[in-house]
Amino acid sequence: MRRSKPSEADFRRVIDPLLDDFCAQIGANPLAHAEYTLATGRADAVFNRMVIEYERPGVLKKIPDAATRHSIQQVKDYLEGLAKKERHRIERLAGVAFDGHLFIFVRYVNRRLTEETPVDVNLHSLERFLTWLAGLSSGIALTSENLNRDFAIEQLRTQNILRGLFQALSSALVQQDGLVPKLFEQWRLFFSEAIDYSEAFGGRKLEPLKKWVRKAGFEITSPAEAERFFFVLHTYFALLVKLLAWLALSRHLGVKLGTPSFADLTTADSETLRRHLQEMESGGIFRAYGILNLLEGDFFAWYLYAWNDTIEAALREILKRLDEYDPTTLTLLPEETRDLFKKLYHYLLPREIRHNLGEYYTPDWLARRLLAQVDGDLFDPRRQVLEAGLRQKVLRTRFLDPACGSGTFPILIIARMLELGRTLLVQESELLESILRNVVGFDLNPLAVLTARVNYLLAIADLLEQRRGDITIPVYLADSVRTPTLGEELFSHDAYEFPTAVGTFLVPAALLGRSGAAPLRFDRFCGLLEESLRAGLEADSFIKRVEHGVSPSSGSGWGWDDRAVSLARDLYEQMLDLQRRGMNGLWARLLKNNFAPLSVGQFDYIVGNPPWVNWEHLPDGYRRSIAPLWARYGIYETEGLRTILGPSKKDICMLMTFTVADSLLKEQGKLGFVINQSVFKTSGAGQGFRRLNIPQAEGKATPLRVVHVDDMVSLNPFEGASNRTAVMVLEKGKPTRYPVAYTLWRKTKGARFTYDSTLDEVQAATKRLHFKAEPVDPNDPTSPWLTGRPRALKAIRKLLGGSDYEAHEGVNTGGANAVYWVEPVLKRPDGLVVVRNLTEGAKIQVDEVTEPLEPDLLYPLLRGRDVQRWRAEPSAFIIMAHTQQTKWNAIAEHELQACFPRTYGYLNRFRDTLLGRRSGWYQKAKERLPFYIMFAVSDYTFAPWKVVWLGFGATEMKAAVVGLVDGKPVMTNQAMHPFVPLGKKDEAYYLCACLNSSVVNLAVVSHTQLGGKSFAQSNILEHIRIPRYNPQDAVHRRLAELSQAAHQATQSEDAAELARLEAEIDRQATQLWGLSEDELREIQQSLRELAGEEQPQAEEKE
C-alpha cells in the first residue's frame, strides 16, 4: 500500500513540541497561541512576537507559485493583525512560512512588510530561524527607542547616576594631583579639539544648556560646571555602551567560552561588583572573548577611583534594567540597530545642544550616496560586476574614515562586505580577517571612539566564532590632522613628541622608521610597554625585552643606537613613575592610538564626514600647533585687509582633506568626503584648497583630481541644520581637468524625507540638475567655481572678466552692532537726538540704553532686509565716529570729546566691550587707536550715490540705488550689503540695471554661495565684466532709464510694469555683452530651473 504524504497537521504535531522544548531550554516563552484568531485570519502558531505559517511539506517553491505567494501573503496579514490586536509595533514582529523543506522569512523593512527569497532548510537557515524565535520570544528588544524609554535623562535611574557621578567628580577634582583630575584634563583636551569649542559651554550657548540640564534635576551656573556635567554625561553614556557590549557578548558567546555572565553583576556583592567593573574597564572581560582593545582603560573609568555608596546604588539600578534586555535583536533587525548608539546619543542630547558643540551625525542615506560615488562596483547593488573582480575588492580594498564619529561609514562598509561575502561564498574566517585588516577609523572624541568600536564589534558579531585568534578593533583615538611629528629641539630631533595632560612623552624615531614605515615594530613595542608596566619590570628588563622582541633596525641615524635606547628607557621610566604613583591608567594605550596614523599603512579609499569647525573656534593651543600645516599645504588667506575681514573662513575640513590624502591615501586612491560646499565657491582659504595639489619636496606636487561633486545645500540633510553640504570625490595622482561633473540636488515640491529616510526615498523626493563646474577665471584654477548647465556656462563666459567698477564691504563694527546701531526716539528742541541702541539678536550682548546724542555723527543705515530688488530704504542709524577725511582711523579721542561730548560719553560707556572685539588686527593695534574705531571705512564710505545689493543669505541679485538722505550718505551693513560708490545718479541706475539683469544674476548665482554668507559679496565684480558708464552710448543710457523706471514701479507696487521693464533690461543686456536671443533664453531657463519653477531637462551631451 502506497504511503500518503504528511499533511500540514501531521507536520505541525512533530514541530510544535520541538519548538516548545527549545523555548524551555533557553528560558523563553513557549508557544503562546495555536490557531490564534486575528482580524486578518487564523495564524497557525504565535510565539510572542513571531508568527509561523505551516504548510504541507513540498508546498512552498523556490520560484514562488500561486500557493507560495498565498502563504507569504497570509504571513503578512497575520503580522498586521497581531500588531493591531496586541498593540505591537509592526517593525518589532517577524514571521516565517515553513514546510519542512523551505523557509521564507518575512520582516518589516523600509516601511513595508517584505519577504526574503525562499531558502533551503539547512544548518544555517535553521540556526537563523531559532535565533529569530529566541529573540522574539523573550526579553526587551535592544532598540534605541526602548533604551531611550529606560535610560533617558528624565528617568529617575538616570538622574540618580548622573547626580552621584557629578558629586563624586566635584569632590575628586579638588585633589589636583590625583588621577581623576588628570583624566578629566586629558578628556577635555581631546574633546575640545574634536568639537566647535569656542564658547561651547558659555555665552549664548549656556542658556539652552541650563534649560536642558534642569531635566536631569541639575542647576549649572557657569561654563566650568557645564563642562564637568558633559564629562559626567559622557561617562554615563560610555557606561551604557560598555555594559551593552558585555551583555551582547555574554549572551552571544558566553556559554561557549565560559566567561563571566553579565547576569552575575546584578547579584554580586559590593566588592565583587567593583572588581568585575574594574575588569571590564581594563578590557579584561573583552580580552577573555579574544577582543584585545575594545576597552583600554579609558577616561571614563574614573568613577572607579571615586567609588562610593551613591554610585554603587545608582549603578545597580542600571544593571538591573539592562539585564532584562535581549541583544538578539541586533541579529534580528540589523537595519534598525546598525547604529544603535548614535540614535541613543541623539535621544540623550537634544539637537540644539549637539549643534552648539558642532556635532552633526551623518544620515545613512548620505553615507550610502558617498560610498556609491567612490566605488559603484562595490556599493551600487544595481551594477553588474564579474564575481572574480568583486571578490578581490571585498578581500583587498582598504578603507579609512579619519573622523569616524560613532562609526556610520565603517559600519555601512562592513554591512556591505558581509552581504557580498556571503553572496560570493567567502569563508567567514577569511572575511573577518579582511574586515579587520581593511576597515579602519580614527577620531579625537574619546566617547565617539568607544561607541564606534562597540558598533564595529556588533557589526561583526556573527563572525566572531570563526576568528583564528585574538582580534583588535581597528578604531583608534587619533588625530588625522596633527599626526605625531619629530621634535625640533636639539634633544628631541630624533624622537616623536606626544603631549598629554601628565607631560610630553618622547618616542624613538627608530621604532617607526622613516615616515612610519615600520608599523608592526611599533605595535610590538607598545604591547611590550604595556605588559612590562603591568608587571612592574625595571627599565633594564624592559629594554632587553624590546631588543629581543621588537628587533629594531640596526645602525646609526634612524636606527636602534644608544640614543634610541636612551629615549626608550626615559619613556618607560616616565610611565613607570606614573604607574607607581597610581596615575598610569591609560597613557601607554593612548600612545599606541596616537601613533596609529603613522603605523596603519595607506588606503585605497578614504571616506567620511570630517569636522566642520572654523579655525577661530579651535582651542588656542591646538590652533598654534597646526598653524604650520596650513602654510605647508598652501591653505591660507592673504591680501592684507582680506586676511583681517576675509570673505571666507578656514575650516578644519579643508586641512584634513590634504593631510590624509598626503600621508594615508594610496596613489590612484580615492577620497570621498562630506564637506562644506564653500570650498568650491569662496575666495580666501577656498582658493588655497582649489589648488588641488599636495606640495612635496624639491618643489614637486602630487595632484588631486576632482571626480564628482554633489551639491546638497538646499536639502539640509543634517537634522534641520542649515549646513552647506556637499559630497566630494577626489582621486590622488591625477590633475583635475575642467569642467568637472557637478550635481545640484533640489527637493521636489511637496515631497518630504527625514534623517532616517533611505537613499531611494531621498532620491524619489528630489530632483538632480546635472551641471558642470569650472573656475570662473579660466586663467586662475584657484578662482571660485562657476557651476551650471554647459550651454548656459558657455553664454555666461561672454561677460566674465574684470569689471570697470570696484565693490566694497559695508561698515564693519567688529561684532558690536548693538553699540553702534541706534533708532531715534525723539528730536529735542536743543537739536540733540534721543536714540536707543538696537540690542535684539546682537552677536555681542550689551545693555539697552537711551541717550541724547549730537546728530552730526548719526548716519542713515541699511540693515537686514532694508535692501530689496529695485528698493533700498534705511530703517535705522549708525554712529560713525569717522569722517571722509579721517577715513579708517576715526576721529581722535580729544577731538571727539571736545566736539561731540555726548557721543563720546555714550561710546565710553561701552569701552570694555569695544576693546574686547576679537579682530586679530584690532587686538594688535588697539593700543594706538581710538577704542571706538570701526573697520572697512574709507573715503568711498561717504560717496553720495551707492548701488547696494543684498549679499548675505540671498538667492538672487537684489540691487538698488540709494542716494543722500537728509543730506547724508547712507551706510551699508558689512557683508550683508556690499556696494559700489558712485558720484552720479545716471551711472548708479545704469550699474543697478546691469546687476539685476538675468545675465549677471546667473553669473553671480553660478559662482557664489547661493543663500549663504558669501553670496554676491564685494568680490563678484572681480569676475564680471561690466563696462564703465558712457553717457554717449545709447544702450547705457537706455539701461539707466529702465532702471530708474523699475525703481518707480517697485515703489508703486506695479508688478506688471516691473515685469515688462525687466524683460526689456534683459534684451538690452544681450546687446551690452553680445549675447544671442537663444543664449538669453538658455540663461533665463537656467534661472527658472534653479528657482524650482520648472523640471530639469535631461543631462546635456557634449
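The values are calculated or read from the model by the stated rules, or taken from the named source; none is laboratory data. Computed from a predicted model, the values in this text were never measured in an experiment. So basically every Cβ, Gly included, is an ideal-geometry build from the backbone, and we count neighbours across all protein chains shown.
How many residues does region 381-398 hold that are at pLDDT below 90 and not in a helix (DSSP H, G or I)? Break it down stepwise before answering.
In the first step, residues of region 381-398 are kept if they are at pLDDT below 90; the result is 381-389.
Then drop every residue that is not not in a helix (DSSP H, G or I), which leaves 381-386.
Qualifying residue count, region 381-398: 6.
Is region 78-101 home to any residue that is without any contact (Cβ under 8 Å) to a residue 24 or more places away in the chain and part of a strand (DSSP E or B)?
Taking region 78-101 first, the residues without any contact (Cβ under 8 Å) to a residue 24 or more places away in the chain are 83, 86-87, 89-90.
From what is left, the residues that are part of a strand (DSSP E or B) are none.
No; the residues of region 78-101 include none that is without any contact (Cβ under 8 Å) to a residue 24 or more places away in the chain and part of a strand (DSSP E or B).
Restricting to region 1082-1098, name every residue that is modelled with pLDDT of 70 or more and either surrounded by 14 or more Cβ atoms within 10 Å (Cβ to Cβ) or within 17 Å of LEU715 (Cα to Cα) (or both). First the steps, then the outcome.
Taking region 1082-1098 as the starting set, the residues that turn out to be modelled with pLDDT of 70 or more are 1082-1092.
Hits for region 1082-1098 are GLU1082, ILE1083, GLN1084, GLN1085, SER1086, LEU1087, GLU1089, LEU1090, ALA1091, GLY1092.
What number of residues within region 665-689 are assigned to a helix (DSSP H, G or I) and either at pLDDT 90 or above or of a type in the set (Val, Ile, Thr) (or both)? Let's see the steps before the verdict.
As a first pass, look at region 665-689 and keep what is assigned to a helix (DSSP H, G or I): 678-681, 685-689.
With either at pLDDT 90 or above or of a type in the set (Val, Ile, Thr) (or both) added as a condition, the list becomes 679-680, 689.
Here the count works out to 3.
Against the definition (under 30 Å from TYR820 (Cα atoms) and either assigned to a helix (DSSP H, G or I) or out of contact with any strand residue (DSSP E or B) (no Cβ under 7 Å at 6 or more places or on another chain) (or both)), how does ILE1065 come out, yes or no?
On the way: under 30 Å from TYR820 (Cα atoms): no; either assigned to a helix (DSSP H, G or I) or out of contact with any strand residue (DSSP E or B) (no Cβ under 7 Å at 6 or more places or on another chain) (or both): yes.
Spelling it out, it is not the case that ILE1065 is under 30 Å from TYR820 (Cα atoms) and either assigned to a helix (DSSP H, G or I) or out of contact with any strand residue (DSSP E or B) (no Cβ under 7 Å at 6 or more places or on another chain) (or both).
Has region 128-146 got at least one residue that is hydroxyl-bearing (Ser, Thr, Tyr) and not in a helix (DSSP H, G or I)?
Taking region 128-146 first, the residues hydroxyl-bearing (Ser, Thr, Tyr) are 131, 137-138, 143-144.
Remaining after also requiring not in a helix (DSSP H, G or I): 138, 143.
Within region 128-146, one or more residues are hydroxyl-bearing (Ser, Thr, Tyr) and not in a helix (DSSP H, G or I).
So, in region 800-814, of the ones that are modelled with pLDDT of 90 or more, over 33 Å from the mean Cα position of the chain (by Cα) and part of a loop (DSSP other than H, G, I, E, B), which residue ends up surrounded by the most Cβ atoms within 10 Å (Cβ to Cβ)?
Among them, the one singled out is ALA807.
Table: residues versus (1) touching an Asp or Glu at 6+ places or on another chain (Cβ under 9 Å); (2) modelled with pLDDT under 80; (3) acidic (Asp, Glu).
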| site | (1), (2), (3) |
| --- | --- |
| SER71 | yes, no, no |
| VAL96 | yes, no, no |
| HIS124 | no, yes, no |
| SER138 | yes, yes, no |
| THR143 | yes, yes, no |
| LEU162 | no, no, no |
| LEU165 | no, no, no |
| PRO181 | no, no, no |
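Step by step: first the residues of region 966-1001, then only those that are of a type in the set (D, E, K, R) and assigned to a helix (DSSP H, G or I), then the one that is nearest to the chain's Cα centre (by Cα). Which residue is that? Write out each step before concluding.
Pass one, region 966-1001, residues of a type in the set (D, E, K, R): 966, 968, 984-987.
Now drop any that are not assigned to a helix (DSSP H, G or I), which leaves 985-987.
On the way: LYS985: 49, ASP986: 49, GLU987: 47 Å.
My answer is GLU987.
What pairs come up if the first residue lies in region 1037-1056 and is in a helix (DSSP H, G or I), the second is surrounded by 18 or more Cβ atoms within 10 Å (Cβ to Cβ) and acidic (Asp, Glu), and their beta carbons are under 7 Å apart, counting only those six or more places apart or on different chains?
ALA1040/ASP986; ALA1046/GLU1062
Let's see how each residue does on (1) farther than 30 Å from GLY963 by Cα; (2) free of Cβ contacts under 8 Å to residues at least 24 places away in the same chain; (3) assigned to a loop (DSSP other than H, G, I, E, B):
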| residue | (1), (2), (3) |
| --- | --- |
| THR883 | no, no, yes |
| LEU907 | no, no, no |
| LYS924 | yes, yes, no |
| TYR932 | no, no, yes |
| VAL947 | no, no, no |
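Residues to consider are GLY788, GLY810, GLY802; find the one that is of a type in the set (Gly, Ala, Ser), more than 30 Å from THR941 (Cβ to Cβ) and outside the structural domain of ILE879 (by TED's automatic domain parsing).
Values: GLY810 fails: more than 30 Å from THR941 (Cβ to Cβ); GLY802 fails: more than 30 Å from THR941 (Cβ to Cβ).
None of the others qualify; the one that does is GLY788.
Restricting to region 619-639, and then to whatever is in a loop (DSSP other than H, G, I, E, B) and at pLDDT 80 or above, can you tell me which residue is surrounded by the fewest Cβ atoms within 10 Å (Cβ to Cβ)? Steps first, answer last, please.
Within region 619-639, the first condition is being in a loop (DSSP other than H, G, I, E, B), and the residues that meet it are 619, 633-639.
Retained after the next criterion (residues that are at pLDDT 80 or above): 633-635.
Working: TYR633: 21, GLY634: 17, ILE635: 24.
Among residues in region 619-639 that are in a loop (DSSP other than H, G, I, E, B) and at pLDDT 80 or above, the one surrounded by the fewest Cβ atoms within 10 Å (Cβ to Cβ) is GLY634.
May I ask you to say which residue of ARG391, ARG396 is in contact (Cβ under 8 Å) with a residue 40 or more places away in the chain, assigned by TED's automatic domain parsing to the domain that holds THR235 and of a type outside the set (S, T, N, Q)?
Unique residue meeting the criteria: ARG396.
Take region 227-247 and flag every residue that is under 14 Å from THR451 (Cβ atoms) and of a type outside the set (D, E, K, R).
Residues of region 227-247 that are under 14 Å from THR451 (Cβ atoms), as a first pass: 233-245.
Once the filter is applied, which keeps residues that are under 14 Å from THR451 (Cβ atoms) and of a type outside the set (D, E, K, R), region 227-247 yields LEU233, HIS234, THR235, TYR236, PHE237, ALA238, LEU239, LEU240, VAL241, LEU243, LEU244, ALA245.
How do the helices (runs of 4 or more DSSP H) wholly within region 195-281 filter down when requiring 3 or more residues that are modelled with pLDDT of 75 or more and surrounded by 20 or more Cβ atoms within 10 Å (Cβ to Cβ): which remain?
On the way: elements: 206-214, 223-257, 264-267, 270-281.
So the answer is 223-257, 270-281.
Please count how many residues of region 700-732 are on the phi > 0 side of the Ramachandran plot and modelled with pLDDT under 85.
2
Does VAL729 satisfy being β-branched (Val, Ile, Thr) and part of a strand (DSSP E or B)? Break it down stepwise before answering.
Details: β-branched (Val, Ile, Thr): yes; part of a strand (DSSP E or B): yes.
When the stated conditions are applied, VAL729 passes them.
Would you pick out the residues in region 941-957 that are surrounded by fewer than 18 Cβ atoms within 10 Å (Cβ to Cβ) and at pLDDT below 95?
GLY953, THR955
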